[in-house]
Amino acid sequence: MIDIKLLEKKAETETSYFDEYKKSLQNRGATTEALDQLMEMNAQRKKAITEAEQVKAQQNKLSQTVGQLKREGKDTSEIMRESTALGERVRELELKARDLDEKVFAISLTLPNKCHSSVPVGTSASENKEIKKMGTPTKFSFKAKEHWELGEKLGIIDFERAGKVTGTRFTFLKGKAAQLERGLIQFFMDLHSQEHGYQEMIPPYIVNSASYQGTGQFPKFVDDVFHLQGTDYHLISTAEVPVTNYYREEILKEEDLPLQFCAYSPCFRSEAGASGRDTKGLIRQHQFHKVELLMFTHPSQSYELHEKLTSHAERVLELLELPYKRMLLCTGDMGFGAAKCYDLEVWLPGPGEYREISSCSNFEDFQARRANIRFKSGTNKPQFVHTLNGSGLAVGRTLIAILENYQREDGSVAIPKVLQKYMGGASEIR
RNA sequence: GGAGCGAUGGUAGAGUGGUUGAAUACACCAGUCUUGAAAACUGGAAGGCUCGCAAGGGCCUCGCGAGUUCGAAUCUCGCUCGCUCCGCCA
């Protein structure tokens with residue numbers, strides 16, 4: 001959620017926050033109508049609140065007088081009548097104030113975050129900026145196979161039966177693929193908790209709608225998550241949701257910042273708008289595993305730590321010796337809540353392209369406002385924290401990358417050195 | 001799933017209709033004393049919204065929501081969460 005008070009503030013320099021935000025909306029390719037509406041509604045809201053409070057103050061005074069007079073044994077019927085009349089007016093005004101308050105809130109939920117100044121302006125993924133490139137695309141002397149072909153031939157990935165048992169975009173992993181999946185989770189969690197200073201966490205895989213609102217997915221992305229019928233329970237689309245909401249409505253201690261967690265969870269996505277895309281293979285599934293990195297930081301530190309968090313995700317790819325690129329997303333390609341976002345893209349020899357395997361975002365105080373997560377030092381006023389998160393990494397896509405990058409001509413697959421101890425010492429899948 | 005009990009400030013814990021945003025204790029912060037610390041003493045301390053250039057006002061918050069009343073932490077109803085016992089269960 002954006003800061004309405006900042007939007008109201010008059011310009012101290014050449015451009016006001018309002019102007020900057022408006023520009024940012026345009027750069028994202030969003031309309032600015034909602035913003036104008038928000039400002040108008042908010043002005044009305046304030047007027048209504050002031051009015052309601054003034055009458056309420058009068059009424060409170062009268063009630064106090066009643067108490068006093070009664071103690072003195074005097075007649076109060078006149079004042080009580082007066083107060084009753086005020087009560088009607090109060091009710092009316094409060095209703096109006098609340099209605100406007102809700103409207104302002106509802107509109108503000110639909111507005112995306114302001115982009116950071118370092119984010120390149122652009123309308124689509126093609127305008128993302130390459131920040132760095134590690135390794136070179138894996139080359140083979142034979143024609144590289146796609147992961148589903150490798151998986152099916154090796155008898156370790158079964159899409160057909162998953163279709164029968166559940167439906168499209170679900171998969172059975174068997175044997176070495178299942179073991180590799182499990183090993184990858186273990187490897188990620190070990191690395192981040194033991195070497196990068198994150199506290200391990202396994203969150204609930206189901207959350208309520210308040211949590212989804214807290215991280216910014218609701219109301220905008222309701223259709224992208226699976227809902228449990230007849231309840232306010234929803235399957236998580238990422239561990240970001242439960243873990244960010246871990247501190248919802250709390251005031252943290254400044255000296256405890258930054259708080260960092262690495263959380264393992266399955267992720268469930270309905271992929272509502274994605275029919276027809278990536279229908280084959282493991283790229284776009286309704287269910288996948290992910291290890292998510294999260295930080296709650298002091299505002300002054302968030303950009304520095306954003307770099308750090310991203311490098312932690314990169315470290316995984318480096319240890320697995322997978323070629324990748326780091327992309328800085330442009331304004332038009334960035335997610336709703338992010339102020340700045342890096343995508344890590346891993347090289348896939350099968351299709352011969354880089355594919356996203358991690359997305360590392362700085363939300364600044366956007367999520368913290370919605371979820372009301374603050375910190376406080378001494379006698380200072382509480383301030384909103386900044387939240388960061390990024391995949392470290394998506395497990396299924398890592399499995400794909402390994403199968404494709406480590407494949408051999410005969411269809412067998414080598415196992416990266418760092419993973420062998422998680423595979424009972426095995427060095428290949430055949 | 002059945003029965004019962006409960007929800008007050010950082011914690012403990014008063015408070016059953018009228019200066020109670022809230023006693024008291026502990027914890028916390030600052031000061032006095034002390035070479036320093038402890039003890040003792042003194043003082044401070046919740047959050048949000050809103051008006052105001054400011055000083056300083058006002059409103060709301062005792063799990064959440066609605067109601068009764070001139071007035072609600074206190075009364076009524078609904079909800080949520082927690083605890084205990086029984087049953088069931090990986």
field: Matching residues in segment A:105-152 - criterion: being closer than 19 Å to residue A:337 by Cβ and assigned to a helix (DSSP H, G or I)
entry: A:105, A:106, A:107, A:108, A:109, A:110, A:125
query: Can you spot a residue in segment A:48-68 that is closer than 29 Å to residue A:219 by Cα and either assigned to a helix (DSSP H, G or I) or outside the structural domain of residue A:367 (by TED's automatic domain parsing) (or both)?
result: yes
task: Quickly run through segment A:217-245 and pick out the residues that are under 19 Å from residue A:299 (Cβ atoms) and without any contact (Cβ under 8 Å) to a residue 60 or more places away in the chain.
output: none
query: Would it be correct to say that residue A:425 is small (Gly, Ala, Ser) and crowded, with 16+ Cβ neighbours inside 10 Å?
result: no
Some residue of segment A:294-311 being within 15 Å of residue A:395 (Cβ to Cβ) and in the same structural domain as residue A:384 (by TED's automatic domain parsing): no
Sole exception among (1) surrounded by 16 or more Cβ atoms within 10 Å (Cβ to Cβ); (2) away from RNA strand B (no atom under 11 Å from the Cβ) for residue A:83, by number: (2)
query: What number of residues within segment A:131-179 are under 27 Å from the mean Cα position of the chain (by Cα), surrounded by 14 or more Cβ atoms within 10 Å (Cβ to Cβ) and not polar (S, T, N, Q)?
result: 4
- request: Only one of these is modelled with pLDDT under 90 and small (Gly, Ala, Ser): A:83, A:126, A:117. Name it.
  value: A:83
task: Give me a count of the residues in segment A:25-39 that are surrounded by 16 or more Cβ atoms within 10 Å (Cβ to Cβ) and of a type in the set (D, E, K, R).
output: 1
query: When you scan segment A:290-387 for strands (runs of 3 or more DSSP E) that lie fully inside it, which ones turn up with 1 or more residues that are among the aliphatic types (A, V, I, L, M), at pLDDT 95 or above and crowded, with 21+ Cβ neighbours inside 10 Å?
result: A:324-328, A:340-348, A:353-362
query: Quick one: would you say residue A:54 is within 7 Å of RNA strand B (Cβ to nearest atom) and free of Cβ contacts under 8 Å to residues at least 24 places away in the same chain?
result: yes
- line: Only one of A:87, A:73, A:135 is over 30 Å from residue A:361 (Cα atoms), out of contact with any Ser or Thr (no Cβ under 8 Å at 6 or more places or on another chain) and touching a residue at least 24 places away in the same chain (Cβ under 8 Å), namely A:87
query: Can you tell me which residue in segment A:393-422 is surrounded by the most Cβ atoms within 10 Å (Cβ to Cβ), limited to those that are closer than 17 Å to residue A:192 by Cβ and among the aliphatic types (A, V, I, L, M)?
result: A:394
query: Quick check: is even one residue across segment A:123-130 under 29 Å from residue A:327 (Cα atoms), of a type outside the set (Asp, Glu) and either in contact with a strand residue (DSSP E or B) (Cβ under 8 Å, 6 or more places away or on another chain) or crowded, with 17+ Cβ neighbours inside 10 Å (or both)?
result: yes
field: Qualifying residue in segment A:29-43 (condition: within 11 Å of RNA strand B (Cβ to nearest atom) and either on the phi < 0 side of the Ramachandran plot or free of Cβ contacts under 8 Å to residues at least 12 places away in the same chain (or both))
entry: yes
- prompt: In segment A:1-18, how many are assigned to a loop (DSSP other than H, G, I, E, B) and either within 14 Å of RNA strand B (Cβ to nearest atom) or surrounded by 10 or more Cβ atoms within 10 Å (Cβ to Cβ) (or both)?
  reply: 9
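The values are calculated or read from the model by the stated rules, or taken from the named source; none is laboratory data. As the structure is a prediction and not an experimental result, all values here were calculated from the model. Cβ sites come from the backbone with ideal geometry, for glycine too, and all protein chains shown count toward neighbours.
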